[in-house]
Every structure is written in structure tokens, then in C-alpha cells.
Amino acid sequence: MSIFIDFVLIPIIKILVIVTFVFVSVLILIWIERRFQGFVQSRLGPNRVGPQGILQSVADAIKLLTKEDVIPNQVDRFIFNISPIIAFVTALVVFALIPFGAELNIFGRKITLYLADLNIGLLFIIGFNSIGVFGIILGGWAAKSKYPLLGSLRSASQMISYEVALIMSLVSVLFFSRSLSLVEIVKAQQEMKVWFAFIQPLAFFIFFIAGVAESNRLPFDLPEAESELVGGFHTEYSGMKFAFYFVAEFAHVIFFSALVTVLFFGGWLRPFPNVDWLNFLDYIPPVFWFLGKLAFFVFIFMWIRATWPRYRYDQLEMISWKWLIPLALVNIFITGLIVILVK
Amino acid sequence: MIKKIFKKIFLIDLIKGLLVTLKYFFLGKITVQYPEQKLKLQPRFRGLLRLYKDEEGNDLCIACGQCIRACPDSLISIYSERGPDKKLRPITWTFNLSRCMFCGLCVEACPTNAIRFSHEYELAVYDRKKLYIHKKNMYLDENTKKYFEEN
């Protein structure tokens, strides 16, 4: 019985909670983003459906669900159908590894606030991220239309160049954490009493930029590029499949914010873990800290989107190959040197 | 030179851009919430065409036909008869709103100011026939809302 509860019931409840969390926050985020962009552009944004327009994305979801699913004649049907699912599933799976907080005690049972704590966690995440890109590449390719193809080609080379920078920036964090498990990384920050963003600001900077590029957000949304590519890889998609891509993009945003929080901003730890007179902050549940930091980074994603224009394609490649990757290499070198010398 | 390098390293220009958007986030919005709020119209606004009467309630229109001649699209048609005082009075006065471009030539041509622009602008209807407007609905009085009623 106890085995049943530990290995079946609790994981299923956790899965349900995480999936609901992702879906609900995606719906809310879409509304917040449109509202925020409206405010920045001196207009109000959607404010008719429900109080302050909060039900706008629910209405949009219903509209997309009931829409006719158009499949153009020339497409490769199997790949065309499966690629939104690839993008969607890979965007959701990685949430299994995000530690939302420390352990909880409910009814005398220890419950961890993460679904899985893999000792290769970070590797798993990076791997699934790379698979998620296939959703975009295959989707654009299977549509057999020139704009989606251009979008997916751009996406392919963009992902190659930014994934290198992303992984390189992580290496210098791993010098300190000495583990690929996300939970261990947070615990390492707890022991060192400092968030990794303060000892690795350059790594954080590179990671964040690469994260924005990985999730296809402005100013790096060249695979979509509404104004030049008519929507890029999802031009030929409509209805539910388009919604899959859309949810996947926003799930990516949430996921990268969560990853930045865990890797560089101490996950569920409270601010200033080394200042004693702030100990009263410990009474606030750790989940709150985690979600607060998450919300902050999601806000920065939106803020960036509302501000900066899209980069040109050669500029995009230049930033990665000429700046981010060399900087990340230098960072690894210097950090490694310091770690060895201090030892 | 040093300033330039400093600017490039710390992304000063990009941060300035972020602050501009943040400033506009808090500034006032210029959107008009249309059905609830409406903009104030200028006195010369060209809304619906309306016929007017004088103080005694007689038609100002003397059926001279200047507006018929002035209208570039021939949208106005008048049938008139002489009254007991031997003066021309319009019996029917029809106007096709569906093709009116609000050029105002009829208003300019009218010698008695019988036809003028009003300030009504919500002119959408479900049926084209409703855009043929007859004399009894042309006045700006208690029949105002009946503008689009058929006959």
C-alpha cells in the first residue's frame, strides 16, 4: 500500500499539479503579455472578456479548439501532424525536473516538491531542449511552403549556435555545484551562502541571452518573424496545432525563467541567505520565493520583447559566435583557474 | 573612446531603451473605450443629413431642386406640389444614404438651409433597404431614432 502511494499516487498528483500549473500560467501569461505590451504602447490591450480582460486567453483557447484544422494538400501529413506534438511534449517534460521548493511534511510523509531528481538533470534538460527544436524544424519542413521552410532553416542554425553558448555558460556553474542535479545545485548555493549569479555574473548573462534565443522570443524570434516570414515555421498551421506551438513557446519562457532561478538565483532559497537579521524571511514558504523569482524573470522576458527590435540574421549569428561563445570560453578558463588556485 | 567601450560593455543603450518602455508603461493611455467613451465632435462634423422646419413647423424646404442638381451621385429625389398659398412644398423627399459620401454639396446648395448635417455617426444597419430614407424620418425630433425605419 505504501509503495502504491509513494510510487503511483503521489507522482500522478504531482504530474497533474505541474501540468495544470504550466497550462494555467501560460493562459495567464498570454493575457499579461498582451496587456503589458498594450500599456507600453500607450494603449490598453485586451480588457473586454471578464474583469480587466483576464478571460481573453480562455476565449482564444476556445476559439482555437473549435476551429477547423486545415491541412494543406502538399504537406507531409505524418510529420506535419507529429511536429507540434514534439514541440509541445518536450516543452512540458522538462518541468518534471524543476525543483519548486524544499521538502514538505504532509501527514507525516516527506513530499518533495519536484517530480524527479535525476543526477544527470541538466544534461537531460539540454537534451530535451534540443529535441524540442525538431518540432520547429520538422514542422517548417513538412509544410512544403517557402516561408515555413525559411523559418525552420533559421531555427536550425540559430539553435546550433545558441545551444553552444548555453551549455558553455553552464560549465562554469558546474565547477561550483559539482553536480548536474538541479536539487544539488540549489543545495550547493545554500551551502556557499551565495547565489551563483553573484559569483558568475558573466555566465548568467550569457545563459539568459541564449535562453531568450532558445525560446524564440524577441529580439531573437527570427524563426517566426511575423513581419518578414508571415509567421515562419507555423505559417501553415491552424487551430489546435497552432495552439500547441503557442503553448510550447510560452512553456519555454516559463521553463527558462525557472532554470535561471534554479541555476543562478538560488531556486527556493530566500534572498540574502548570508544576512542573519533577515532570518524572519524564512517563515515565508520557499515555494513563494521560487515563484516570485520565476515571475520576475518572466517579466523581464516580456519587457525585453516590448522594447527591443528583432536582430538581423547575420547580427544574430555574430552575437553568438563572436561574442557569447568566446566570452563563455574565457569565463570557463578563468573560473577553472580560480577554483584550482583556491583549492 | 573609453566612454564608447564602456557603453558597449554594459549595454547602456539597450538599458536606456528598457527604461523608455517602462516609463510609457506608467504614462497615460490614449485609447478611447468607444461605446462607453466618445470623442467630442467638432461643430462642422459631417454626420447624417437632416431636414429642418421653421418655428411654425412648416418645412424650410421649398422644393427648388438645388440639392438634386448638386448631388454628384443623384441620391436625392423630391416630389413636390403647390400648396393653397401657391408655394411649392415637398410631398416626398427620399434620400439614398448607402451611396452618400458626405461631400456636403447639397448642404451648400440649399438656399433656405433646410438640409444640414447632424452629429449622428453610428449608421450601420442589417438591411440595405433601410438606407433609403423618407421624408418623415428625415427630421431631427422625436422620430430621430426611426431614421432607418422602412417607410
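The values are calculated or read from the model by the stated rules, or taken from the named source; none is laboratory data. Note that this is a predicted model, so its numbers are computed, not measured. Note: ideal-geometry Cβ built from the backbone for every residue, glycine included; neighbour counts use all protein chains shown.
Just a few scattered comments:
- Taking (1) away from chain B (no Cβ under 14 Å); (2) under 23 Å from A:Y237 (Cα atoms) in turn, A:E33 satisfies each apart from (1).
- Once the range B:1-32 is narrowed to residues that are more than 9 Å from every other protein chain (Cβ to nearest Cβ) and of a type in the set (V, I, T), the residue that is farthest from the chain's Cα centre (by Cα) is B:I2.
- Those helices (runs of 4 or more DSSP H) lying entirely in the range A:268-343 with at least 2 residues within 14 Å of chain B (Cβ to nearest Cβ), of a type outside the set (G, A, S) and under 30 Å from B:V20 (Cα atoms): A:286-307, A:313-318
- Considering only residues in the range B:38-96 that are touching a His at 6+ places or on another chain (Cβ under 8 Å) and polar (S, T, N, Q), the one that is surrounded by the fewest Cβ atoms within 10 Å (Cβ to Cβ) turns out to be B:T92.
- Complete set of residues in the range A:116-155 that are touching a residue at least 12 places away in the same chain (Cβ under 8 Å) and more than 30 Å from A:V70 (Cβ to Cβ): A:A116, A:D117, A:L118, A:N119, A:I120, A:G121, A:L122, A:L123, A:F124, A:I125, A:I126
- Filtering the range A:138-154 to residues that are part of a helix (DSSP H, G or I) and either touching a Cys at 6+ places or on another chain (Cβ under 6 Å) or surrounded by 23 or more Cβ atoms within 10 Å (Cβ to Cβ) (or both) leaves A:G139, A:G140, A:A142, A:P148, A:G151, A:S152, A:R154.
- Any chance B:Q33 is more than 15 Å from B:K135 (Cβ to Cβ), polar (S, T, N, Q) and exposed (fewer than 10 other Cβ atoms within 10 Å of the Cβ): no
- Screening A:G45 against (1) more than 14 Å from chain B (Cβ to nearest Cβ); (2) more than 23 Å from the chain's Cα centre (by Cα); (3) crowded, with 18+ Cβ neighbours inside 10 Å leaves a single unmet condition, (1).
- The number of residues in the range A:60-78 that are aliphatic (A, V, I, L, M), assigned to a helix (DSSP H, G or I) and loosely packed, with under 15 Cβ neighbours inside 10 Å comes to 2.
- Some residue of the range A:257-265 being among the hydrophobic types (A, V, I, L, M, F, W, C), without any contact (Cβ under 8 Å) to a residue 60 or more places away in the chain and part of a helix (DSSP H, G or I): yes
- A residue that is at pLDDT 85 or above, of a type in the set (G, A, S) and in a helix (DSSP H, G or I) cannot be found anywhere in the range A:1-20.
- B:P35 vs. criteria more than 14 Å from chain A (Cβ to nearest Cβ), modelled with pLDDT under 85 and over 17 Å from B:T112 (Cα atoms): no
- Residue match in the range A:4-16 (condition: among the aliphatic types (A, V, I, L, M), surrounded by 14 or more Cβ atoms within 10 Å (Cβ to Cβ) and away from every other protein chain (no Cβ under 14 Å)): yes
Yes or no, residue by residue, for (1) at pLDDT 85 or above; (2) in contact with a strand residue (DSSP E or B) (Cβ under 8 Å, 6 or more places away or on another chain):
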| site | (1), (2) |
| --- | --- |
| B:R69 | yes, no |
| B:S74 | yes, no |
| B:K87 | no, no |
| B:I91 | yes, yes |
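- Condition broken by A:E163, with the remaining ones in (1) assigned to a helix (DSSP H, G or I); (2) in contact (Cβ under 8 Å) with a residue 12 or more places away in the chain; (3) over 17 Å from the mean Cα position of the chain (by Cα); (4) surrounded by fewer than 21 Cβ atoms within 10 Å (Cβ to Cβ) satisfied: (3)
- Qualifying residue in the range A:81-93 (condition: of a type outside the set (D, E, K, R), at positive phi, out of contact with any Ser or Thr (no Cβ under 9 Å at 6 or more places or on another chain) and surrounded by fewer than 18 Cβ atoms within 10 Å (Cβ to Cβ)): no
- Residue check for A:G239: surrounded by fewer than 18 Cβ atoms within 10 Å (Cβ to Cβ), in contact (Cβ under 8 Å) with a residue 12 or more places away in the chain and on the phi > 0 side of the Ramachandran plot: yes
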